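Comments concern the structure below.
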Amino acid sequence: MAWTAPKTFTDSTVLTAAELNEQIRDNLKECAPAKFTDLGSYFVSTGTNQIAMRTYKKNTVLASSQTTGTSYTDLDDGLGPRLTVETGTEAMVIFGAQMSNSTSGFSSFMTVEVSGATSIAASSDNCVRWMNNANYRCQVSQFWFIDTLNPGWNTFTCKYAVGGNTSTFSRRRLVVMPY
């Protein structure tokens, strides 16, 4: 079903049941309240007189895990976090973790890789970075607005790297709000 532009009615016009159904019932079925199926969802415009329901997704991994990789990689536990979400061309991605490095002066990095309908490699262009004294932990987070997605099912996966030595990551969180 699709939205139908409302007619301009004039006095003394006889309306058929089909016209009333098209103009009132069918158009009301194309409005947001009739389309809601998931609690916490919201609607975005996908074109002129078109809407699509979107639902944010979240994933949290509280456990600690480490890496010594200086290129972006999965952590030792392989748990991500990771989310597969149906998106339009845009999404707000929020990610963060508690980070520490075993040696003073070396950084810990976290970013997000996108796969599926879109391919965006893990990069320091959109990362969170923490550097301080050895084993000093800090909770850091980042908002990344992506406006280059291909519509469809996209998988968002947190990736990690170090500037040297060993970094530990815990309380890892990922939220994706598709548009």
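The values are calculated or read from the model by the stated rules, or taken from the named source; none is laboratory data. Since we're looking at a predicted model, the values are computed, not measured. We place every Cβ from the backbone using ideal geometry, glycine too, and count neighbours over all the protein chains shown.
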Restricting region 64-82 to residues that are within 13 Å of CYS158 (Cβ to Cβ) and part of a loop (DSSP other than H, G, I, E, B), which is nearest to the chain's Cα centre (by Cα)? PRO81
Condition met for TYR136 (surrounded by 16 or more Cβ atoms within 10 Å (Cβ to Cβ) and farther than 14 Å from GLY163 by Cβ): no
Need pairs with beta-carbon distance below 9 Å; first residue surrounded by fewer than 12 Cβ atoms within 10 Å (Cβ to Cβ) and within region 9-30, second small (Gly, Ala, Ser); sequence gap 6+ or separate chains. LEU28/ALA34
Filtering region 157-170 down to residues that are in a strand (DSSP E or B) and either under 18 Å from SER102 (Cβ atoms) or hydroxyl-bearing (Ser, Thr, Tyr) (or both) yields THR157, TYR160, ALA161, VAL162, SER167, THR168, PHE169, SER170
I'd like the residue in region 115-130 that is crowded, with 16+ Cβ neighbours inside 10 Å and touching a Gly at 6+ places or on another chain (Cβ under 9 Å) and, out of all such residues, is modelled with the lowest pLDDT. VAL128
Check VAL112 against each of (1) under 13 Å from the mean Cα position of the chain (by Cα); (2) surrounded by 15 or more Cβ atoms within 10 Å (Cβ to Cβ); (3) over 20 Å from ASP76 (Cα atoms) and name the one condition it does not meet. (3)
